[in-house]
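Read-outs throughout are calculated quantities, based only on the coordinates presented, and are distinct from any laboratory measurement. Quick caveat, the model's predicted, so the values are computed rather than measured. Methodologically, a virtual Cβ is constructed for each residue, glycine included, from the backbone with ideal geometry; neighbour enumeration extends over all protein chains shown.
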């Protein structure tokens, strides 16, 4: 096994309850892989029944994984908008007579009895999240809260047409659904955990009730490198900062400034590469212009998610009618060339544009407000702040200015802070709060989660490693990552939960260049089925089995009211 860095009162055990009612309509509209055909939740359930009847000998293969991935892609499921896909999962369980729970946070847990002959094996859980980062190309006309993803097959890869693909983490959902419908594979008692809103602070994992979970082994399917298992990750926090601005109608000429074509990437696993952050570059440009030709801010914005490095950003600023446009443009070009030269290796596609527009009256901030905001944007840190002293080339602490927005109150910034050391994450959050307050703004830590620490002794990790090696003849890597995974939160809810994370090859997640390798998905599917088979051969420890067989506590009749 090689350890690598790839820069992520007495309680009574509850039983999962089978719900007898049908789900309501699956939120928004659901579409099949042709995309044009609309279906209600009842029609979706019927389609599932028709294509994969709940019979004794249903055998699922990798084609079923892609079938479910396409169905998931047809259901809009961005973070904070997961009700439709949650209902879809509940309908799936109902059609197959599987026990399940669905909570108010849209988390779903579907349980399946052990296959014949495997009843004495230790239960096992599979887990992934149902939300995705929504991002689209600047000129792409699409409402991802209402419209489906269009999947494009490109050789051995799947990508989306001008948007994020949602393989992070839709492929985990697809694999679990295919496993649940497979009646031929050997497996222990199986619990599939579908969590919501992972991409916006692991909200679902924090809210989920796992008091009824029987499994003490969990395979998370949210990794992005086939053949490398993740066994630890950084903790994180979302910090929201607000800088107030006062608006007043003014006249002059507007300069629209835009930067685009940046590489972007995941703010955890790719933050160490050093690629440009569009929000940071735009702030540099505006500050450079302001120092020579003080202007007034009209609007500024960039980025789609706090955990994605922004690829484009734009602003509009107001100059007096008397401003020398040629001199402003010359300064703009000089500043743009400087930044293009700085990032010619990581971001060769960087493009700057500036266009003038006359304005008879437009709401703009004062010069003083504008200067204060730009000074603040130039002062807040971004990127890697500390490298790990233990693991070579591993970022230990970082932050990403992922979202920049203008509203009637002023400007809002959203940061994702990550660290493998919880005290250092707290320090960086405090630093942001102090800086924001010092410039006259307000800041709050919206959500946070702890780091998932590497376990020296992990029987389940050993089983995953040996299974992979037996299946492929190759020694897998085991990594600790700078990105965030839900394993740390889930392990904190279930005493003794032994976690490991795996997944197929994904590239450029959280960006419009996201893609997923088809053959890698097939390999991971084969591995998961073989792992479940291997897990079926390991019986429960006697003390665990006897605990499971204990009857639920009862109340003597004389104590009843």
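Taking Cα pairs under 8 Å and at least six residues apart, what relative contact order does the stretch 237-449 come out at, in percent?
This gives 36 percent for the stretch 237-449.
Note down the nm distance, to one decimal, between modelled labels 7 Å out along Cα→Cβ at residue 342 and at residue 444.
3.3 nm
How would the stretch 217-306 be classified by its alpha-carbon gyration tensor: rounded, prolate or oblate, with rounded meaning a/c under 1.5 and the a/b versus b/c comparison settling the rest?
It comes out prolate by the Cα gyration axes.
Looking at the chain, what % of its DSSP beta bridges pair antiparallel, to the nearest 5?
Bridges in the chain that DSSP calls antiparallel: roughly 80 percent.
Among 352, 452, which comes first, then next, by fewest other beta-carbon atoms within 10 Å?
Going from least to most buried by this count: 352, 452.
Quick one: order 423, 115 by neighbouring beta-carbon count within 10 Å, fewest to most.
The fewest-first ordering by Cβ neighbours comes to 423, 115.
Roughly what would the spin-label model give for residue 143 and residue 453, points 7 Å off Cα along C-beta, in nm?
Result for the modelled spin labels: 4.8 nm.
Relative to the present Cα-Cα distance, how much length would full extension add between residue 430 and residue 378 at 0.36 nm per residue of separation?
Additional length available on full extension: 17.0 nm.
Run the helix sum for the chain: -39,500 (n - 2.57) per DSSP H stretch of 4+ residues, divided by residue count, reported at 222 nm to the nearest 500 deg cm²/dmol.
Per the formula, -9500 deg cm²/dmol.
Under the 0.36 nm per residue contour assumption, what length would be gained going from the current alpha-carbon distance of residue 526 and residue 61 to full extension?
166.5 nm
What ranking, highest mean first, results for peptides 525-533, 206-214 when packing means the other Cβ atoms within 10 Å averaged over each residue?
With the highest mean Cβ count within 10 Å placed first, the list reads 525-533, 206-214.
Packing-wise, with mean Cβ within 10 Å as the measure, how do 73-82, 473-482 rank, highest first?
Highest mean packing first, the order is 73-82, 473-482.
If you work out Kirkwood radius over Cα pairs in Å from the coordinates, which of [x] 27.6; [y] 25.2; [z] 26.4 do you get?
Checking each listed value against the structure points to [y].
By count of other Cβ within 10 Å, fewest leading, how are 196, 466 ordered?
With the sparsest Cβ surroundings first, the list reads 466, 196.
Compute the length gained on full extension between residue 104 and residue 356: take 0.36 nm times their separation in residues and subtract their Cα-Cα distance, giving the result in nm to one decimal.
85.8 nm
Could you work out how far apart the two model spin labels at residue 325 and residue 273 are, taking each label as a point 7 Å from the Cα in the direction of the beta carbon, and quote it in nm?
3.8 nm
What's the FRET efficiency of residue 152 with residue 80 using the Cβ-Cβ distance as r and R₀ = 25 Å, to the nearest 0.05?
0.40
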